[in-house]
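This report concerns only the one structure given below.
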Amino acid sequence: MLFEEYGISRELCELDERVMKKCAEAFSECDRVRDILQLRVLKSFADHRIGAQHFAGTTGYGYGDIGRDALDEVFAQAVGAEDALCRPQILSGTHALTVALFGLLRTGDKLLAATGTPYDTLRPVIGIEGEGFGSLMDYGIQYDEVPLINGEPDYAGIAEKAKDANVIHVQRSRGYESRRAFSVDDIRKISETVKKVNPDAVVFVDNCYGEFCDVTEPISNGADLMAGSLIKNGGGGIAPTGGYIAGRAELVEKCAHRLTAPGTGRELGCTPSGYREFYLGLYFAPSSTCEAKKSSIYAAALFDELGYKAVPAYDAPRNDIITSLELGNPEDMISLCRAIQASSPIDSFATPVPEQMAGYADPVIMAAGAFTEGSSIELSCDGPIREPYVAYAQGGLSLTTSRLAYLRAAQEMLKR
């Protein structure tokens with residue numbers, strides 16, 4: 001009984017053992033994907049002859065920074081892209097998406113969201129929420145969207161609205177929606193639908209939470225560009241900050257001039273502390289993402305046994321590191337988040353409470369006792385306090401500690 005010393009009841013310890021057996025086949029698939037990707041990442045390091053000299057930091061403008069430039073190349077090869085910006089100067093996933101959108105779009109262009117209204121924090125960037133200062137719409141860029149139909153892409157609607165759009169936005173993960181994350185096959189079908197009616201349109205994927213979840217990335221399945229955060233999957237739980245933009249070389253170059261300044265582009269930008277954590281994080285990314293996927297699968301299986309709805313189900317294809325748990329009441333949401341916080345290596349003593357946060361319409365509760373503040377590849381859980389009270393459990397660098405957290409939550413919920 002592995003968790004008895006933490007006060008977990010014998011009944012729940014026995015349930016844990018049953019759930020682990022139930023998940024064995026899904027875990028095996030995670031291992032298969034991890035092994036393919038781990039060898040691919042290793043080859044990228046070897047092909048680019050990475051050595052200790054690439055870890056050294058630079059100061060000032062960063063001209064001739066070999067560590068920075070080689071990291072771009074290694075990351076690009078690892079994800080199957082022509083080129084990439086893999087940079088600590090990209091501050092978050094939302095920042096990566098913002099840089100890319102402003103790099104791709106010009107006044108009078110149209111952005112089409114092909115998978116419904118984008119995630120909360122991107123809405124002020126577009127201009128459909130917030131004050132609009134400096135948004136895409138503030139710069140004269142048009143916006144339209146194609147709502148999902150029962151959580152699935154409306155391909156007929158995409159085909160119709162993509163005809164006069166310049167950039168097609170695809171959000172792979174669900175945000176605060178109870179739908180499945182989209183697979184690379186879904187993204188391929190969306191891309192084919194767009195290109196058939198508008199070959200010049202750029203298909204741009206918000207790949208946050210989806211990196212290294214499958215043997216290929218969106219960029220190898222018809223997308224032209226993708227972006228995400230390095231404190232999620234791509235940083236392996238080691239990168240302390242950063243984000244990436246990857247895809248067709250000419251599009252990445254446009255984004256580079258938006259990230260820094262026109263005329264300097266990718267030649268500018270130093271990292272005084274060096275690049276060791278970014279290289280190491282990328283190296284561990286397939287293994288860390290595998291643990292996170294297993295943690296997500298376990299959560300789905302455990303809470304299914306307890307009578308709660310989990311999306312995706314434990315035995316469904318896993319296209320990102322998130323499981324949404326429909327708990328039905330705010331008390332269970334709070335119990336889950338507090339159990340995850342109490343089982344974290346950092347700030348285990350803290351007590352999460354719902355709070356109003358910038359960029360969100362409802363109070364949000366967040367649990368994240370992480371080595372890197374806000375990291376989503378480490379075990380965390382959050383969600384808006386609104387019906388039907390869905391908690392979004394994500395990450396988990398260690399399946400064992402994830403199991404403890406979810407069992408603690410289950411025990412508190414059963415007590416009530």
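The set of residues in region 315-339 being within 19 Å of the chain's Cα centre (by Cα) and either of a type in the set (A, V, I, L, M, F, W, C) or buried (at least 22 other Cβ atoms within 10 Å of the Cβ) (or both) consists of 316, 318, 319, 320, 321, 322, 323, 324, 325. Of everything listed in (1) closer than 20 Å to residue 267 by Cα; (2) touching a residue at least 40 places away in the same chain (Cβ under 8 Å); (3) out of contact with any Gly (no Cβ under 9 Å at 6 or more places or on another chain), the single unmet condition for residue 113 is (1).
Answer yes or no: is there a residue in region 254-274 that is aliphatic (A, V, I, L, M), in the same structural domain as residue 204 (by TED's automatic domain parsing), part of a loop (DSSP other than H, G, I, E, B) and crowded, with 24+ Cβ neighbours inside 10 Å. Scanning region 254-274, I find no residue that is aliphatic (A, V, I, L, M), in the same structural domain as residue 204 (by TED's automatic domain parsing), part of a loop (DSSP other than H, G, I, E, B) and crowded, with 24+ Cβ neighbours inside 10 Å, so the answer is no.
Against the conditions (1) under 21 Å from the mean Cα position of the chain (by Cα); (2) under 15 Å from residue 86 (Cβ atoms); (3) in a loop (DSSP other than H, G, I, E, B), residue 219 satisfies every one except (3).
Out of 84, 70, which single residue is at pLDDT 95 or above, assigned to a strand (DSSP E or B) and crowded, with 19+ Cβ neighbours inside 10 Å? So the residue among 84, 70 that is at pLDDT 95 or above, assigned to a strand (DSSP E or B) and crowded, with 19+ Cβ neighbours inside 10 Å is 84. Pick from 355, 373, 387, 305: which is over 16 Å from the mean Cα position of the chain (by Cα) and within 25 Å of residue 93 (Cα to Cα)? Going through 355, 373, 387, 305 in turn, just one is over 16 Å from the mean Cα position of the chain (by Cα) and within 25 Å of residue 93 (Cα to Cα): 355. Here residue 120 qualifies as within 18 Å of the chain's Cα centre (by Cα) and either in contact (Cβ under 8 Å) with a residue 60 or more places away in the chain or surrounded by fewer than 16 Cβ atoms within 10 Å (Cβ to Cβ) (or both). There is at least one residue in region 10-29 that is assigned to a loop (DSSP other than H, G, I, E, B), outside the structural domain of residue 220 (by TED's automatic domain parsing) and either in contact (Cβ under 8 Å) with a residue 40 or more places away in the chain or closer than 17 Å to residue 72 by Cβ (or both).
Of everything in region 275-310, what is surrounded by 20 or more Cβ atoms within 10 Å (Cβ to Cβ), touching a residue at least 40 places away in the same chain (Cβ under 8 Å) and outside any helix (DSSP H, G or I)? Give them in sequence order. Passing the criteria: only 275. The set of residues in region 199-216 that are touching a helix residue (DSSP H, G or I) at 6+ places or on another chain (Cβ under 8 Å), closer than 22 Å to residue 164 by Cβ and part of a loop (DSSP other than H, G, I, E, B) contains only 201. Among the residues in region 351-370, are any without any contact (Cβ under 8 Å) to a residue 60 or more places away in the chain, part of a strand (DSSP E or B), among the charged types (D, E, K, R) and over 26 Å from residue 211 (Cβ atoms)? Scanning region 351-370, I find at least one residue that is without any contact (Cβ under 8 Å) to a residue 60 or more places away in the chain, part of a strand (DSSP E or B), among the charged types (D, E, K, R) and over 26 Å from residue 211 (Cβ atoms), so the answer is yes.
For every residue, the table says whether it meets (1) crowded, with 23+ Cβ neighbours inside 10 Å; (2) at pLDDT 95 or above; (3) within 23 Å of residue 175 (Cβ to Cβ).
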residue	(1), (2), (3)
343	no, no, no
364	no, no, yes
376	yes, no, yes
402	yes, yes, yes
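Specify which of the listed residues (220, 229) is crowded, with 20+ Cβ neighbours inside 10 Å and under 29 Å from residue 292 (Cα atoms). That would be 229, the only listed residue that is crowded, with 20+ Cβ neighbours inside 10 Å and under 29 Å from residue 292 (Cα atoms).
Residue-wise test of (1) modelled with pLDDT under 95; (2) in contact with a helix residue (DSSP H, G or I) (Cβ under 8 Å, 6 or more places away or on another chain); (3) assigned to a loop (DSSP other than H, G, I, E, B).
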site	(1), (2), (3)
133	yes, no, yes
143	no, yes, no
147	no, yes, yes
156	no, no, no
159	no, yes, no
163	no, yes, no
168	no, yes, no
175	yes, yes, yes
179	yes, no, yes
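Remark: pairs (first residue in region 35-52, within 14 Å of residue 216 (Cβ to Cβ); second residue modelled with pLDDT of 95 or more and assigned to a loop (DSSP other than H, G, I, E, B); Cβ separation under 9 Å; 6+ apart in sequence or on different chains) = 36/215; 37/212; 37/214; 37/215; 40/80; 40/215; 41/212.
If you check 58, 107 for being over 25 Å from residue 216 (Cβ atoms), surrounded by fewer than 21 Cβ atoms within 10 Å (Cβ to Cβ), touching a residue at least 40 places away in the same chain (Cβ under 8 Å) and not small (Gly, Ala, Ser), only one passes: 58. Pairs are defined by a Cβ separation below 8 Å, a sequence spacing of at least 6 or placement on different chains, a first member in region 134-154 that is surrounded by 13 or more Cβ atoms within 10 Å (Cβ to Cβ), and a second member that is polar (S, T, N, Q); the pairs so defined are 139/107; 141/107; 145/117; 146/115; 148/115; 151/178; 153/115.
The values are calculated or read from the model by the stated rules, or taken from the named source; none is laboratory data. In this text the structure is predicted, and so the values were computed from the model without any measurement. Cβ sites come from the backbone with ideal geometry, for glycine too, and all protein chains shown count toward neighbours.
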